[in-house]
Amino acid sequence: MKSTHILFNLIVLSFLIVSIFILFCGQKPGDDLFNYAQTHKNDLRFGTYITVGAVKTHLNDTDGRREALSVIKSLGITKVFIETYRGATIADEKLLVTIRDFFIQNEIDVVGGIATVPGKDFGARQEGQLGWFNYQHPKTQQDLEKVVRLTACVFDEMIIDDFLCSADTSDMSNNARGDKSWSQYRMDLMTDLSENLFIKTAREENPDVTIIIKYPQWYDRFHKFGYDVVREPKLYDKVWVGTETRGPITQRMGFVQPYEGFVNFRWLNSCSNGKVAGAWFDHIDCNEFDFINQAYQTILAGAKEIVLFNYYDLMNGHRGHHFLRRQFSSLVELAKMVAQQPVKGIYGYKPPHSDNESEYYIFDYMGMIGVPLLPTSQYPENADVIFLPSQAAIDKNLIEKMETSISNGKTIVITPGLIKALSNDEQLLKLAGIQSMEYGGETQIKNIIWENTKIPLQNPVYLPAKMYASGAQLLLVGENGRKGLPFLTKKEHPSGGKVFVLNVHTFTEADFKAINEVLLAPKQIPWLQLPHEWLNVVRDSFLEPLKISFKAEGRISLHLFADEFVVCNFNDHDVKTKLNLEKYVGKEKGLNYINKLTGKPIQIQDNELVLPVKKRQFLWVGRE
């Protein structure tokens with residue numbers, strides 16, 4: 001009996017040991033990250049979009065769905081977007097229900113998705129450069145209605161992917177627009193279809209369905225192709241934003257700068273009165289650094305939910321996934337900080353539906369030289385510093401608003417493009433201390449003057465204007481032969497207000513047409529590579545009223561929050577930056593700063609924080 005009792009105890013003990021081993025060591029790959037993601041999904045959540053092709057070929061049986069679950073969990077993904085239609089391919093309703101229920105049973109939330117792109121015998125293709133619908137055509141509307149009903153019938157939440165736009169110039173559309181501009185006609189059409197085709201139809205099938213509109217990333221051209229950022233957000237329950245900036249130095253997907261994701265998210269959130277609920281980026285034209293940089297800018301902009309497009313890339317693998325897994329908890333903590341601390345910076349004014357004078361996406365480039373630019377769709381009357389490019393000219397009361405800001409001691413930075421857009425307004429020239437200006441023709445400078453020394457530029461920079469100062473101080477001057485050309489001027493006013501003119505531009509419509517590009521940045525901008533001495537002066541013109549000094553080369557972004565800040569390095573080499581915050585935070589005794597990711601102290605040298613940032617990484621700094 002005694003030996004039997006001992007044997008029984010040994011069996012029980014062995015069972016307990018095996019159970020403990022299974023509990024702590026026998027988990028499937030990805031379970032730990034998935035559980036962590038589930039626990040923190042209110043702070044930051046990742047999802048993925050499964051296109052209808054993958055739905056029909058990879059999720060159409062048990063093994064495919066099991067593989068999908070394994071892949072998704074391994075990346076900490078807790079939500080999937082199941083596409084019902086794309087390019088004439090429509091998913092079967094029974095299969096959609098099966099997939100929906102499978103993911104829900106496995107603790108994955110589910111949303112339906114529609115990609116409104118034409119296909120053979122589905123809708124009518126536009127007469128235009130891109131593969132979009134002719135939305136005026138009755139067949140397009142009739143076919144899409146069926147897809148909307150299918151999606152709303154299966155899902156309680158659905159997203160309309162970023163093809164809800166048109167460049168159609170057919171006789172049908174031309175007759176329908178009447179005397180409207182193409183832009184106004186398209187915005188009216190897409191707003192009407194949003195309300196009466198997508199939303200009304202979906203609610204007929206499912207009165208409680210939540211409907212999301214997802215905008216692409218090309219914010220400076222939305223209105224040209226029918227996206228109405230004022231009326232549409234009021235109709236839809238939620239707004240999602242494309243932050244897919246991809247490779248910044250290749251033409252394949254445009255020379256889009258990483259800061260554009262930050263700009264697009266925050267500007268659309270301003271246009272929609274805070275209705276933006278999530279963001280979306282992809283793997284296209286991305287190395288591992290491009291991929292993870294998209295995550296940094298998206299989270300710094302305020303996103304708490306991110307979709308990775310698309311499942312095929314997750315299934316096939318990408319080098320960026322390693323970075324995502326290794327930095328998952330850091331990204332969660334960063335998102336928590338962004339949600340808790342008010343953002344600070346320089347407000348850039350871009351009213352909705354605004355055109356420009358050769359300054360497309362100029363906000364992106366301001367951010368890429370270390371100006372902590374915060375785009376807004378309303379004039380920021382209480383801001384200490386305001387950036388006004390030519391997009392602001394659509395505001396009929398702009399000069400009056402500028403005068404009020406200047407009289408209140410504020411700083412305003414404008415561009416020659418704004419002066420040109422306002423027809424060289426005499427009052428504006430007087431405010432800027434500019435006697436006259438000749439715009440156009442792009443004057444090349446090959447040298448810059450710094451401390452009375454001529455410094456050759458590695459790549460020539462093209463200035464959009466020849467400016468002649470009258471009362472303004474010349475802060476930076478370039479050289480074309482023997483002739484000096486103002487690059488940055490400053491006019492001080494008795495009120496303490498200041499007006500700077502920064503002589504830069506980006507792209508014209510001709511630049512887009514030259515390479516047959518429609519939407520994205522068509523070429524690289526050389527002034528990102530200006531010597532750091534010049535860029536420091538440019539930054540100072542923006543940052544001095546905030547009592548901050550930031551020294552760095554180009555392709556660096558600075559993000560300021562209440563007590564912490566982040567520096568992102570988009571260069572393919574390590575950099576050393578310096579930030580003077582003494583006046584900004586006060587002279588508190590014993591005030592120390594640390595790297596928030598490592599806990600290591602930040603070196604202080606000559607009252608400046610010394611901030612080394614590794615290539616294509618970010619440095620998050622806060623108080624100890």
Angle, helix 138-154 long axis vs. longest principal axis of the chain, Cα atoms, 0 to 90°, nearest 10?
-> 50
Roughly how many nanometres apart are two label points built 7 Å out from the Cα toward the Cβ at residue 427 and residue 249?
-> 4.7
Could you calculate the FRET efficiency of residue 237 with residue 378 from 1/(1 + (r/R0)^6), where r is the beta carbon distance between them and R0 is 22 Å, rounded to 0.05?
-> 0.45
For the chain, longest principal axis from Cα atoms; helix 288-300 axis from its Cα atoms; angle between them, nearest 10 degrees, is 80
Taking the alpha-carbon centre of each part, the distance from region 337-416 to region 501-576 in Å is 15
Structure-derived Cα extents along the principal axes in Å: which label, when the choices are [x] 74, 64, 48; [y] 87, 54, 48; [z] 104, 73, 40 = [z]
Set the Förster distance to 30 Å, then compute FRET efficiency between residue 329 and residue 129 from the Cβ-Cβ distance, nearest 0.05.
-> 0.10
Rounded to the nearest 0.05, what FRET efficiency do residue 341 and residue 610 have when you use their Cβ-Cβ distance and R0 = 22 Å?
-> 0.45
Using a simple spin-label model with points 7 Å from Cα along the Cα→Cβ vector, what separation in nm is obtained for residue 598 and residue 547?
-> 3.0
Gain in span if fully extended, residue 435 to residue 458, counting 0.36 nm per residue against the direct Cα distance | 5.1 nm
Cα centroid separation, region 51-76 to region 458-496 (Å) | 58
Whether region 466-624 is rounded, prolate or oblate, judged on the alpha carbon gyration tensor where a/c under 1.5 counts as rounded = oblate
Can you list the lysines whose alpha carbon is less than 19 Å from that of residue 614, not counting same-chain residues fewer than 8 positions off?
-> 551, 576, 578, 596, 600
Check the straight Cα-Cα distances from residue 483 and name the lysines below 20 Å, setting aside those fewer than 8 residues away within the same chain.
-> 446, 454, 466
Could you work out how far apart the two model spin labels at residue 66 and residue 105 are, taking each label as a point 7 Å from the Cα in the direction of the beta carbon, and quote it in nm?
-> 1.3
For the chain, find the longest principal axis of its Cα atoms and tell me its angle to the long axis of helix 259-271, 0 to 90°, nearest 10.
-> 90
Do any of 200/275; 498/547; 350/513; 350/410; 214/304 go past 22 Å between their Cα atoms, and which?
-> 350/513
Subtracting the Cα-Cα distance from 0.36 nm times the residue separation, let me have the gained length for residue 169 to residue 444 in nm, one decimal.
-> 95.3 nm
Given a cut-off of under 8 Å on Cα pairs at least six residues apart, what relative contact order in percent is computed for region 505-624?
-> 23
Report relative contact order for region 278-347 in percent, whole number only (criteria: Cα-Cα under 8 Å, sequence separation at least 6).
-> 41
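None of the figures in this text is laboratory data; all of them are computed from the coordinates on show. Worth saying up front: this structure is predicted, and the values here are computed from it rather than measured. Here the Cβ is made from the backbone with ideal geometry for all residues, glycine too, and neighbour counts use every protein chain on show.
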